[in-house]
Amino acid sequence: MNMKLELFVLPVSDVDRSRAFYEKAGFRLDLAKDITDDYRVAHLTPPGSESSIIFGKGLTTAAPGSAQGLYLVVEDIEETRADLVGRGIEVSEVFHDDKGIFFHGHDAGDVVHNSQGQERITGPHPERASYGSYATFSDPDGNGWVLQEITQRFPGR
């Protein structure tokens with residue numbers, strides 16, 4: 001059986017502001033539809049992704065900004081960060097973990113290191129190891145995104 005994550009509902013407070021933010025970040029607008037005054041949707045896809053986001057008015061009861069730990073996999077973390085910053089998106093500095101532990105917690109759009117004394121070190125992973133370098137950003141509501149550099153996937157992916 002194959003299952004692919006195709007779409008994620010993102011809780012936002014302002015459809016137009018969110019749409020402008022994600023388009024500025026380079027996401028492709030796939031659909032924008034105002035069904036009624038109380039039901040509006042926008043569907044966007046990150047560059048090169050097979051999965052998309054959808055947000056709107058009347059679409060979810062989740063609190064705006066409550067989506068955390070949304071990972072965008074990139075081939076070159078520094079290049080991607082520079083592109084987003086050049087588009088006017090506020091992105092953290094690139095960082096890595098001192099112990100190389102993969103899992104992170106998330107709080108207000110930022111990665112937090114809450115397991116076994118893990119430390120966040122400025123700069124990409126010293127060996128540029130796949131799964132080892134990160135940067136973060138948030139949308140206007142505080143939904144939290146993590147850029148993760150992966151140049152070679154684990155087997156079976």
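For the chain, the relative contact order comes to 24 percent (Cα pairs under 8 Å, sequence separation of at least 6).
Amide H contacts for residue 147 (H built 1.01 Å from N in the peptide plane; partners 5 or more residues away or on another chain; cut-off under 5 Å): 72, 135, 136, 137.
Residue 76 label point, 7 Å along Cα→Cβ, cut-off 20 Å on backbone N: hits in segment 127-157? Residues 127-136, 147-153 fall inside that zone. Think of a 1.4 Å ball rolled over the protein heavy atoms: the chain then has 58 Å² of accessible area per residue. Close amide H pairs (under 5 Å, H built 1.01 Å from N) link residue 8 with 52, 53, 54, residues at least 5 positions away or on another chain. Carbon-plus-sulfur fraction of the accessible area of the chain, 1.4 Å probe, in percent? Carbon and sulfur atoms account for 49 percent of the accessible area of the chain. Here r is the Cβ-Cβ distance between residue 85 and residue 39 and R0 is 41 Å; the resulting FRET efficiency, rounded to 0.05, is 0.75.
The values are calculated or read from the model by the stated rules, or taken from the named source; none is laboratory data. What you see is a predicted model; the values in this text were computed from it and never measured. Using ideal geometry, Cβ is built from the backbone for each residue, glycine included, and neighbour counts are taken over all protein chains shown. Calculation scope for accessible area: heavy atoms of the full protein, side chains included, ligands and nucleic acids excluded. Shrake-Rupley method; radii C 1.70, N 1.55, O 1.52, S 1.80 Å.
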